[in-house]
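*Asks:* Please find one structure pasted underneath; my questions will follow.
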Amino acid sequence: MEGTSLHNITLGQFKSFFPSAPSIGMGDDFYIMDIKFSERNKILGHPCRFDGYMLLYCIKGNLRLNVNLTEFQIGDGMIFMNVPGNIIRVNELVDVQQKDLHYICIALSREFVQGLHIDVNKMFNEGLSMLENPSLRLKEGETQLLCRQIDLIINVLKSDVLFKKECVYSMLSSMFYIIMGVWGDRQSNDRSLGQVTHTRSKVIFDQFIKLVSEYHTQYRNVGFYADKLCLTPKYLSKLIKGATGRSAPDWIDAYVILEAKNLLKYSNVTIKEVVYRLNFPNQSVFYKFFKARTGMTPTEYRNS
């Protein structure tokens, strides 16, 4: 294992991993990169958190990503959406995959996305399917629409048009709504997600999961998140259960276990340090918590 802990990757750092890739944008807050494999490129072989939003569109090749310990494959004509807080690792590429790899990356900082003035609640109204599966294959018409949108943004960035920034912001907003509409269309045709029907529940879930992503290493009780959302714990639990079929404590525990697994598997920190970072009172409590949810002790998982 290398390093001492998981680390965040900024947009600027991510761009520096691909020195041979042409890019255009607005500094390190927003850029579009045309990435082909090169020996000089640093592929993220160790888990990290990408501190921003990222859309990958695969033109050619096959990329295998681990997102929050779940593997996804991105092949020709597929897109992948990352949101801040995800733990990402790129699986090793074989020589054939390296030769064929070609994809477009659109990266945006949190601050830049805030400046787009997107109605986040509306945009992520159908976003539960994206949380479950951040990659999907585009239909031919959807691919053409996305490519035209990307080309238009690039052409405006290259131009001397007045109000360039405002034009780019507007086109990016449109692009995100189009993409989320695609996810929403897939979800409406997916009966397995039929239990997600209540708009308010979905909005609350989105807010809840953002808080859990931020605070799960400090707080594991539902009451804390209910207070943040100005709801009673009982009502919050009811909304989360109705929206996802899983209880609020299940979601909190899942994030804690994910954090613990990554610290145990991909860092050199001691188990005592993991206990401290995850705010458990002692190792005994952490061992019981971890084994009850994974079937293994922390030591067994680290050595597996």
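The values are calculated or read from the model by the stated rules, or taken from the named source; none is laboratory data. Note that this is a predicted model, so its numbers are computed, not measured. Methodologically, a virtual Cβ is constructed for each residue, glycine included, from the backbone with ideal geometry; neighbour enumeration extends over all protein chains shown.
*Asks:* Among A226, A243, which is outside the structural domain of P84 (by TED's automatic domain parsing), surrounded by 17 or more Cβ atoms within 10 Å (Cβ to Cβ) and at pLDDT below 90?
*Replies:* On the way: A226 fails: at pLDDT below 90.
Sole residue among the options that is outside the structural domain of P84 (by TED's automatic domain parsing), surrounded by 17 or more Cβ atoms within 10 Å (Cβ to Cβ) and at pLDDT below 90: A243.
*Asks:* Restricting attention to the stretch 133-173, which residues are loosely packed, with under 14 Cβ neighbours inside 10 Å and in contact (Cβ under 8 Å) with a residue 24 or more places away in the chain? Write out each step before concluding.
*Replies:* Taking the stretch 133-173 as the starting set, the residues that turn out to be loosely packed, with under 14 Cβ neighbours inside 10 Å are 139-141, 144, 148, 151, 155, 158-163, 165-166.
Passing the criteria: K158, K165.
*Asks:* Which members of the stretch 246-257 meet the condition of being crowded, with 16+ Cβ neighbours inside 10 Å and hydroxyl-bearing (S, T, Y)?
*Replies:* Y255
*Asks:* Turning to a different aspect of this structure: Hey, can you tell me all the residues within the stretch 255-271 that are within 18 Å of the chain's Cα centre (by Cα) and among the polar types (S, T, N, Q)?
*Replies:* N262
*Asks:* When the stretch 264-295 is examined, which residues are found to be free of Cβ contacts under 8 Å to residues at least 12 places away in the same chain and touching a Ser or Thr at 6+ places or on another chain (Cβ under 7 Å)?
*Replies:* Result: Y287, K291.
*Asks:* Ok, one more. Please go through the stretch 222-254 and give me each residue that is within 21 Å of the chain's Cα centre (by Cα) and among the aliphatic types (A, V, I, L, M), ordered by number.
*Replies:* Within the stretch 222-254, I240, A243, A248, I252, A254 meet the criteria.
*Asks:* Here is a follow-up. Kindly evaluate K139 against the criterion of being modelled with pLDDT of 90 or more, at negative phi, assigned by TED's automatic domain parsing to the domain that holds F80 and within 24 Å of the chain's Cα centre (by Cα). Walk me through how you get there before you give the answer.
*Replies:* Values: modelled with pLDDT of 90 or more: yes; at negative phi: yes; assigned by TED's automatic domain parsing to the domain that holds F80: yes; within 24 Å of the chain's Cα centre (by Cα): yes.
Yes: the conditions hold for K139.
*Asks:* As an exercise: evaluate N268 against (1) assigned to a helix (DSSP H, G or I); (2) at pLDDT below 85; (3) not aliphatic (A, V, I, L, M) and give the number of the one condition it does not meet.
*Replies:* So the condition that N268 fails would be (1).
*Asks:* Being in contact (Cβ under 8 Å) with a residue 12 or more places away in the chain and either touching a helix residue (DSSP H, G or I) at 6+ places or on another chain (Cβ under 8 Å) or among the hydrophobic types (A, V, I, L, M, F, W, C) (or both) is the filter here; which residues of the stretch 234-251 pass it? Talk me through it step by step, then tell me what you get.
*Replies:* As a first pass, look at the stretch 234-251 and keep what is in contact (Cβ under 8 Å) with a residue 12 or more places away in the chain: 236-237, 239-240, 242-245, 248-249, 251.
Scanning the stretch 234-251 gives L236, S237, L239, I240, G242, A243, T244, A248, P249, W251.
*Asks:* Taking L55, is it under 13 Å from P134 (Cβ atoms) and either over 13 Å from the mean Cα position of the chain (by Cα) or modelled with pLDDT of 85 or more (or both)?
*Replies:* Working: under 13 Å from P134 (Cβ atoms): yes; either over 13 Å from the mean Cα position of the chain (by Cα) or modelled with pLDDT of 85 or more (or both): yes.
Yes.
Here is a yes/no grid of residues against (1) farther than 21 Å from N8 by Cα; (2) assigned to a helix (DSSP H, G or I):
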position: R246; (1), (2): yes, no
position: P249; (1), (2): yes, yes
position: A254; (1), (2): no, yes
position: L258; (1), (2): no, yes
position: L263; (1), (2): no, yes
position: F280; (1), (2): yes, no
position: V285; (1), (2): yes, yes
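*Asks:* Name the residue, out of Y219, Y225, Y276, that is at negative phi and either in contact with a strand residue (DSSP E or B) (Cβ under 7 Å, 6 or more places away or on another chain) or not in a helix (DSSP H, G or I) (or both). Give the derivation first.
*Replies:* On the way: Y225 fails: either in contact with a strand residue (DSSP E or B) (Cβ under 7 Å, 6 or more places away or on another chain) or not in a helix (DSSP H, G or I) (or both); Y276 fails: either in contact with a strand residue (DSSP E or B) (Cβ under 7 Å, 6 or more places away or on another chain) or not in a helix (DSSP H, G or I) (or both).
After ruling out the rest, the residue left standing is Y219.
*Asks:* Is it fair to say Y219 is under 24 Å from the mean Cα position of the chain (by Cα) and either buried (at least 21 other Cβ atoms within 10 Å of the Cβ) or under 24 Å from E71 (Cβ atoms) (or both)?
*Replies:* Working: under 24 Å from the mean Cα position of the chain (by Cα): yes; either buried (at least 21 other Cβ atoms within 10 Å of the Cβ) or under 24 Å from E71 (Cβ atoms) (or both): no.
No; evaluated as a whole, the condition is false for this residue.
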